[in-house]
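*Asks:* Can you read through this structure? Questions will come right after.
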Amino acid sequence: MNLNIIKHSELFSTTGQIGKEDLSEIAAAGYRSVICNRPDAEDGGRHVPSGELAAASEKLGLAFSYLPADATHLSKEHGAALRRLLVSMPPPILAYCRTGNRSTNIFRLANAAEIVTPALQAGTADDRPRQFEVVIVGAGAAGIAVAASLLRRAPNMQIAMIDPASQHYYQPAWTLVGGGAYAQKKTVRPMASVMPERVQWLQRSVAEFLPDHNRVRLDDGSLIAYQQLIVCPGLRLAWEKIEGLEQTLGRNGVTSNYRYELAPYTWQLVSQLKQGKALFCQPAMPIKCAGAPQKAMYLSCDHWLRKGVLNKIAVEFNIAGVALFGVPAFVPPLMSYVKKYQAQLAFESNLVKVDGDRKLAWFDVKDRAGNIVRQEKSFDMLHVVPPQVAPDAVRNSPLANLDGWCEVDPATLRHVRYRNVFALGDISSTGNAKTVAAIRKQAVVVAANLLAACAGQPLSARYDGYGACPLTVEKGKVILAEFGYGGKLLPTFPLDPTIARRSNWFLKTTVLPWVYWTLMLKGREWLTKSSVAKEYP
């Protein structure tokens, strides 16, 4: 193809005058739509008229639109008209004029024009939805952080954030709340207070992803169109998968640090228990912060040990998997604390049913023959971690892999099938630990790569799978587990990460919350570059 095509984004390119002979090559190059910005009467009509090109395009399956513009009289109306075509025509789109400059300038007007907000309507492909350069689904740690990082690089970018929540939570501290070491009120702020100023917040839920049309449908039926989409709604806590659990949560000794209002109840139970049986549970992976279930046990046992009642409490940790922790280097130091607290480990033991009134719990346990048998266990305190799944809107969309997670390249975090879609945080299919620390680095990768994609440049930013789990093994000491893909150790500091340290407790309780609220959510990218993998004996 002899055309000089300028690629402005994954969705839109421009070129000079085309002929009918160029259309087959344009289609072969992957373009699905053509826009003519050159008036038919220009230069005496000596070029191929738009009507002939439209008829030839139709035969090749290309959509065609005529948006004529005088090169010396471009206006915001031209930009608004192009915006509407960007929504209605299948991408990628190639626009042309005499030299390509006019089409480029109209595209700039489309990006600079104020967003028109027509009355939202439900339902058909003929709707005219609101359109944004970038739509971010989810305003948790991932959504706010990536929006802030984008705006630091491109301050005029038009971004919409979709999330129904009115509160924003710092969830890593809930385990500390459950251990009586952190104030609950310090873990929550109004969503409006953390939303970047230049982001338009749509306080709704996404009901449906329509990536083939570059749209999402909200729970009120309205449509939102995008040029780039970032998917980060987090995961869903599937409490309903454990029979009887929802009816007894928050009473009868049944609690969970995975819910904001229940973490104080965990501490109430721990501080009041003087004897009896305490059960702690961990479901099958993946889950948010894989170390949190056992951190609840360690902090509880540390309190009981300090109060001199641990020898009167039978502690049992039920794990659906076959290992205490997924990175082998950290298992020996954790096992030393399991022995210190005289806790019993029950591997391949998955909580499936709870009767709070009778203080009974049932577990599906795999026996030595590989058979699943159901065991009944009594308790005085039961700390539950629910199964965790992808939200239905993602799971049931073309974005999902077979397990329901948004399927992205593990290094670039761009979707493997939709080139204008990125994902980060708990919803992504990457094999890293689902932690806030992982998001801190992922946000930078997505921001850099999305802007590179818009400019038609290679995606140079790479995510190494970094995640961190500060394992609070006792009040005042933390094992700082930092690792990447394949379990490679990626410590930030030049210290043996397998040793519990008081300095890590200060990091966990004081430094990291400050980093979250003051740096990460503001786009201040502290310690976000990849580390060099290290091995420890």
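We did not get these values from a lab; they are worked out from the coordinates using the rules stated. Computed from a predicted structure; not experimentally measured. Glycine gets a Cβ as well: all are built from the backbone with ideal geometry, and neighbour counts include every protein chain shown.
*Asks:* Whose amide H sits under 5 Å from the amide H of MET161, counting only residues 5 or more places off or on another chain, with H placed in the peptide plane?
*Replies:* Residues meeting the amide H criterion: ILE136, GLN200, TRP201, LEU202.
*Asks:* Under the rule of at least 5 residues apart or a separate chain, name every residue whose amide H is placed under 5 Å from the amide H of HIS168.
*Replies:* When sequence neighbours closer than 5 places are left aside, the close amide H contacts are ARG189, MET191.
*Asks:* In whole Hz, with x marking every Gly and Pro, tabulate ³J(HN,Hα) for the range 348-358 from phi via Karplus 6.51 cos²θ - 1.76 cosθ + 1.60, θ = phi - 60°.
*Replies:* 6, 10, 10, 5, 10, 7, 9, 10, x, 4, 9
*Asks:* Compactness ratio of the range 6-112: Cα Rg over 2.2 N^0.38 Å, N = residue count?
*Replies:* Computed over Cα atoms of the range 6-112, the ratio equals 0.97.
*Asks:* Quick one: net charge around GLN388, please, counting Lys, Arg +1 and Asp, Glu -1 for every other residue with C-beta under 9 Å from its C-beta.
*Replies:* +2
*Asks:* Here is a further query. Report, largest value first, the span of the C-alpha coordinates of the chain along each principal axis, in whole Å.
*Replies:* 97, 47, 46
*Asks:* Show that you can apply the helix-only estimate: for the chain, add -39,500 (n - 2.57) for every DSSP H stretch of four or more residues, divide by all residues, and state [θ] at 222 nm to the nearest 500.
*Replies:* -7000 deg cm²/dmol
*Asks:* Which of TRP239, TRP362, TRP505, TRP526 comes first, and how do the rest follow, when ranked by fewest Cβ neighbours within 10 Å?
*Replies:* The fewest-first ordering by Cβ neighbours comes to TRP526, TRP239, TRP362, TRP505.
*Asks:* Kindly put GLU482, GLU240 in sequence by how many other C-beta atoms sit within 10 Å of each C-beta, fewest to most.
*Replies:* The fewest-first ordering by Cβ neighbours comes to GLU240, GLU482.
*Asks:* What are the ³J(HN,Hα) couplings of the range 429-445, residue after residue, when phi is run through the Karplus curve with 6.51, -1.76, 1.60 and θ = phi - 60°? Round to Hz, x for glycine and proline.
*Replies:* Per residue, the Karplus-derived 3J(HN,Hα) values read 7, 4, x, 8, 5, 8, 9, 4, 4, 5, 4, 4, 8, 5, 4, 5, 5 Hz.
*Asks:* Could you work out the relative contact order of the range 6-112, using alpha carbon pairs under 8 angstrom and six or more residues apart, expressed as a whole percent?
*Replies:* On the way: 169 pairs, mean separation 45.0, N = 107.
Taking the mean separation of contacting Cα pairs over the length of the range 6-112, I get 42 percent.
*Asks:* Let me ask something else. Mind listing the phi-derived Karplus ³J(HN,Hα) values for the range 177-191, rounded to whole Hz, using 6.51, -1.76 and 1.60 with θ = phi - 60°, and x for any glycine or proline?
*Replies:* 4, x, x, x, 10, 7, 7, 4, 5, 7, 9, 9, 9, x, 4
*Asks:* Further question: Please order ARG98, ARG46 by the number of other Cβ within 10 Å, starting at the fewest.
*Replies:* So the residues, fewest neighbours to most, are ARG46, ARG98.
*Asks:* About its Cα centre, what dipole magnitude does the range 239-386 give when the only charges are +1 on Lys and Arg Cβ and -1 on Asp and Glu Cβ, stated in debye to the nearest 20?
*Replies:* 480
*Asks:* Return the long-range amide H neighbours of GLY221 (sequence gap of 5 or more, or a different chain), with a cut-off of under 5 Å between placed amide H atoms.
*Replies:* Residues meeting the amide H criterion: none.
*Asks:* Please give the Cα centre distance for the range 308-322 versus the range 347-415, rounded to the nearest Å.
*Replies:* Each part reduced to its Cα centre gives a spacing of 20 Å.
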